[in-house]
1. In region 12-28, which residues are exposed (fewer than 11 other Cβ atoms within 10 Å of the Cβ) and modelled with pLDDT of 95 or more?
2. Quick check on this structure: which one of 72, 115, 20 is assigned to a loop (DSSP other than H, G, I, E, B) and touching a residue at least 40 places away in the same chain (Cβ under 8 Å)?
3. With 82, 122 as the choices, which residue is closer than 24 Å to residue 22 by Cβ, under 12 Å from the mean Cα position of the chain (by Cα) and either acidic (Asp, Glu) or not in a helix (DSSP H, G or I) (or both)?
4. Quick check on my filter: what residues within region 80-100 are within 9 Å of residue 61 (Cβ to Cβ) and either hydroxyl-bearing (Ser, Thr, Tyr) or in contact with an Asp or Glu (Cβ under 7 Å, 6 or more places away or on another chain) (or both)?
Amino acid sequence: MVSAEAETGMEIPQMRWPDKIDTTRQELRALNALIPDTARAFGGLGKAVKEGGTLEFKVKEFVALGIAVATKCEPCIALHMEALIRTGATREEVGDVLAMSIQMGGGPAMMYAAKALACYDELAEKG
């Protein structure tokens, strides 16, 4: 299979991570409007797991990032990275999580770990 870039000779612009976050939130709002009961239930689950338990929120977000990378979920990577930056996560801490994700997910996780690092760098620079 030939990439669109190779086929046309034109570089395909990549969406910036803040734009991906905005698009994801818009898509989720539309989905939530369609299935409000499911959305509320899922939101309640998210609140329960983030507020309860013994692990700090930052640690839970590291776990979520690792799973997002291993399962190749770009929107998940973006949203959890945004949360991690708000907690003050360092590039080195994120690197440790990405290394574990690669160990668990192999080559495909390596590709998404690179995307996750680019996401961190762009969002951290944005401030």
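The values are calculated or read from the model by the stated rules, or taken from the named source; none is laboratory data. This is a predicted model, so every value here is computed, not measured. All Cβ positions, glycine included, derive from the backbone under ideal geometry; neighbour counts span all protein chains shown.
1. 26
2. After applying the criteria, what remains is 72.
3. Within the list 82, 122, the selection yields 82.
4. Scanning region 80-100 gives 80, 83, 84, 87.
Residue-by-condition table, conditions (1) without any contact (Cβ under 8 Å) to a residue 40 or more places away in the chain; (2) surrounded by fewer than 18 Cβ atoms within 10 Å (Cβ to Cβ); (3) touching a strand residue (DSSP E or B) at 6+ places or on another chain (Cβ under 9 Å):
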position: 61; (1), (2), (3): yes, no, no
position: 65; (1), (2), (3): no, no, no
position: 77; (1), (2), (3): no, no, no
position: 111; (1), (2), (3): yes, yes, no
